[in-house]
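The values are calculated or read from the model by the stated rules, or taken from the named source; none is laboratory data. These figures come from a predicted structure and were not determined experimentally. Cβ coordinates were reconstructed from backbone atoms using ideal geometry, including for glycine residues, and neighbour counts include every protein chain displayed. The accessibility values were calculated without ligands, DNA or RNA, using every heavy atom of the protein model including side chains. Shrake-Rupley method; radii C 1.70, N 1.55, O 1.52, S 1.80 Å.
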Number of protein chains: 2
Amino acid sequence: MVTIYDIAAKANVSAMTVSRVINNTGKISEKTRAKVKRVMEELNYVPNQTARSLVLQQTKLLFLLITDIMNPFYTTLARGAEDAAKKSGYRLLFGNSDENLEKESDYITTILTARVDGVLVAPAGDPSLPHLESLRRHNVPFVLLDREVPGIACDIVLGDSKDGARRLVEHLIALGHRSIAMVNGSSSISSARLRLQGYQDGLKLNDLPYDERYVYETSFGPLNDLTEMEQWIERMDPLPTAIVAGNNVLAIEVMRLLRDRGIGVPEHMSIVCFDDLGPYSEIEPFLTVAAQQAYQFGYMGMQMLIERIQERGTSLPWKKIVLPADLIIRRSVKDIT
Amino acid sequence: MVTIYDIAAKANVSAMTVSRVINNTGKISEKTRAKVKRVMEELNYVPNQTARSLVLQQTKLLFLLITDIMNPFYTTLARGAEDAAKKSGYRLLFGNSDENLEKESDYITTILTARVDGVLVAPAGDPSLPHLESLRRHNVPFVLLDREVPGIACDIVLGDSKDGARRLVEHLIALGHRSIAMVNGSSSISSARLRLQGYQDGLKLNDLPYDERYVYETSFGPLNDLTEMEQWIERMDPLPTAIVAGNNVLAIEVMRLLRDRGIGVPEHMSIVCFDDLGPYSEIEPFLTVAAQQAYQFGYMGMQMLIERIQERGTSLPWKKIVLPADLIIRRSVKDIT
DNA sequence: TATTTTAAGGTTATCGATAACATTAATCTT
DNA sequence: AAGATTAATGTTATCGATAACCTTAAAATA
């Protein structure tokens, strides 16, 4: 590998002069600048970021930890984060925890050893607290995405989960539904709790009873075992006329399960959910959803993170951004008024 | 930040002893080992990968450069790559070129300065050649994914594009279609060229004429201007009864365009394409596709890359893996026999 | 007992870049 | 013209970890 010293030797200057040319610092005569640049081109010199990071004590690397790389909500979010990072000259590392605390823990280790300058985290849930405390202890700035974690104060970008869920429920009610069930992510995740509350609020505001047998709690993430969900569906007697899914992945899984058992959507069962499906929703505009502004989650979160990094030392108050969800009505709900 | 020296001082040993404890090398008495470990825990020590990389001349970082992070083909591929990387103790950086040579070039710079140990690249196309030459010149091992680039010899994982396209066409023909058009990615991309050939082969094998007015070439990537595609559709007179799309993104865009103009799919136009749609194909099993083994692309590519890195110096012959595509028949094609 | 061997640890140099300080020679000031 | 300033460049120390070599005391061997 060509180093700054190789350049220096060939150009008959000191390494420091080469460094100055590279970084455009100090005073360098036009002649030497040109000479050094020529030699750099000749030898195909590329600076060693590793060495730089060591002395500068910053890597210009940021990290985005998401919980499901197959979920269009997160890939769209990643796009936003990437764009914002690039704009400020940072590079971005991605990690994918699969809603799994152990994988998340591995990534936290990676983050700490790689000495990234900051992290954007969609935490797996409340038990992520020690991971965040670890980041805090090691002075790594971070911004939370989509989920709050009780016990830690920090910058955060949230969706208005309660309101979104309530609107989904009221949409169903407006179309005549009176028996509405819910599949949700783990109650150790703040957004799942709020979506449940929104669901309950929606029922209460319309004088409908809340029956916990009509609520099933599982994981937001890729599900490997659907037998429990199947049993839940069997247990509901009578079947509801509609189901609210806590996110897009759950909606897809429930729908598949229902169809496998001959229960058509939307003919025999209506389904709505949180989060849109990215480009797929264009090919068959099917699911009625409370779409979150995924790109904005990433973009604004990244902006907050970078601001936090740059204002290091000064103590800005923690910021909290709450983005509303848009109700997009398509055809997964049957009008039974 | 706590360093190895802080640990050494507090434990009354030398830095080297601490290093030995961390890496389990050399001979250390149980007593000192325990003492050092205790101090490391007390001070929350985390090794500095930056310093390590500098002296070891390796970062244990790999890079995956894809061309469209919103495309389920690539996110699935990324999952495979991630799993394989993790298995061998490597961390993975992602980049997203958006089928854009300039963005690709930026990522190549990032890759070189970050001194990653190896790269998995889905190149933007034939003009990516200088980028690959740059990697080669700097001795960065790489494996190509999905697309060949004339002029460079290297390890590569490909799909059987020609065969897949031919089978899509013959499927259409079997269902009575005689007038079949094609939207394709740029002819500067090897897989686009092969898909076009497969399309032509399919026609020829069935004694159907090839008419280049029925072929439209654009980009595989996110399209921002659809007017040209619109004009192409208008120009075709009479309209074909079916369209083969070079990939899933194109299929979605064409379908939207057709539907906007009142041409229903599959009632008035049949559509098939390369690459499946990930989870979405489960919610509305609609598009008939030649599904590529996306996960395997990533997994096997990563394995090849890691092998290449580990056998550095020895000169293994270049390997080429060709994965077949699976024809998945759904309901986007109308039977008109 | 004298000599090797080994276990357990320490010292020093190094990776590639940059910050801080030092050195020249030329230019400016009064 | 003598000292002060400045432009242009060089020297040395440093970031945190590890490789390669060195030291010492105890254990093993002849």
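A few points about this structure:
- The HN-Hα couplings worked out from phi for region B:93-98 by the Karplus form 6.51 cos²θ - 1.76 cosθ + 1.60 (θ = phi - 60°) are 9, 10, x, 9, 8, 6 Hz, whole numbers, x standing for Gly and Pro.
- Carbon + sulfur, % of accessible area of the protein assembly as shown - ligands and nucleic acids excluded, 1.4 Å: 50 percent
- For chain B, with +1 on Lys and Arg beta carbons and -1 on Asp and Glu, the positive-most of B:M16, B:N48, B:L120 along the dipole: B:M16
- Phi angles of region B:314-327 translate, via the Karplus equation with coefficients 6.51, -1.76, 1.60 and θ = phi - 60°, into HN-Hα couplings of 4, 10, 5, x, 5, 10, 9, 10, 10, 9, x, 9, 9, 7 Hz per residue; Gly and Pro are given as x.
- FRET efficiency for B:Q310 and A:D106, using Cβ-Cβ distance with R0 set to 22 Å, rounded to 0.05: 0.50
- Here A:A51 yields copy-to-copy label distances, from shortest upward, of 1.8 nm, the label point defined as 7 Å from Cα along Cα to C-beta.
- One decimal place: the segment B:V322-B:L226 gains 31.3 nm when fully extended, by the rule 0.36 nm per residue minus the C-alpha distance.
- Phi to ³J(HN,Hα) by Karplus 6.51 cos²θ - 1.76 cosθ + 1.60 over region B:11-18, Hz, x for Gly, Pro: 9, 6, 9, 8, 4, 4, 5, 4
- Total accessible area lost when A and B pair, probe 1.4 Å, Å² to nearest 100: 5100 Å²
- For chain B, the fraction of alpha-carbon pairs lying more than 29 Å apart is 48 percent, rounded to a whole number.
- Scattering curve values for region B:161-292, log₁₀ I(q)/I(0), Debye with Cα scatterers, q = 0.12 Å⁻¹: -0.40
- Shielded residues, region A:285-326 - accessible-area loss of 10 Å² or more between chain alone and all protein chains, probe 1.4 Å: A:F286
- Max mean-square fluctuation residue, GNM over chain A, Cα-Cα springs under 10 Å, options A:A165, A:A34, A:A78: A:A34
- Spatially close lysines, pair count over chain A: Cα under 19 Å, gap of eight or more or interchain: 9
- Other-chain or far-sequence residues with amide H under 5 Å of A:S187's (modelled H): none
- Size descriptor, Kirkwood hydrodynamic radius, that averages inverse alpha-carbon separations across region B:143-215, Å: 13.0 Å
- Radius ratio Rg over Rh of region A:4-47, counting only Cα atoms, Kirkwood formula for Rh: 0.90
- Shape class for the protein assembly as shown, computed from the alpha carbon gyration tensor (a ≥ b ≥ c): oblate, with a/c not under 1.5 and a/b at or below b/c.
- Distance from the C-alpha centroid of region B:286-337 to that of region B:1-56: 44 Å, rounded to the whole angstrom.
- Just checking the listed ones, B:N48, B:N23, B:N71: in the Gaussian network model of chain B with Cα springs under 10 Å, the one fluctuating most is B:N23.
- Placing +1 on each Lys and Arg Cβ and -1 on each Asp and Glu Cβ, with no other charges, gives chain A a dipole about its Cα centre of roughly 2120 debye.
- For B:T67, the residues whose modelled amide H falls within less than 5 Å of its own, excluding neighbours fewer than 5 places apart on the same chain, are B:S97.
- Taking amide H as placed 1.01 Å from N in the peptide plane, the amide H of B:Y90 sits under 5 Å from none that are at least 5 places away or on another chain.
- Taking the label point 7 Å along Cα→Cβ, A:K27 and its counterparts in the other copies are spaced 6.0 nm apart, in ascending order.
- Exposure of B:R312 as accessible area (Å², to 10), given a probe of 1.4 Å and all protein chains: 130 Å²
- Copy-to-copy label separations for B:E212, where each label sits 7 Å from Cα toward Cβ, in nm and ascending: 7.1
- Rounded to whole Å, sorted largest first: equivalent-ellipsoid semi-axes of region B:224-337, Cα gyration tensor: 38, 16, 12
- Beta bridge orientation in the protein assembly as shown: antiparallel %, DSSP, nearest 5: 10 percent
- Placing +1 on the Cβ of every Lys and Arg and -1 on the Cβ of every Asp and Glu, with nothing else charged, gives the protein assembly as shown a dipole about its Cα centre of roughly 3260 debye.
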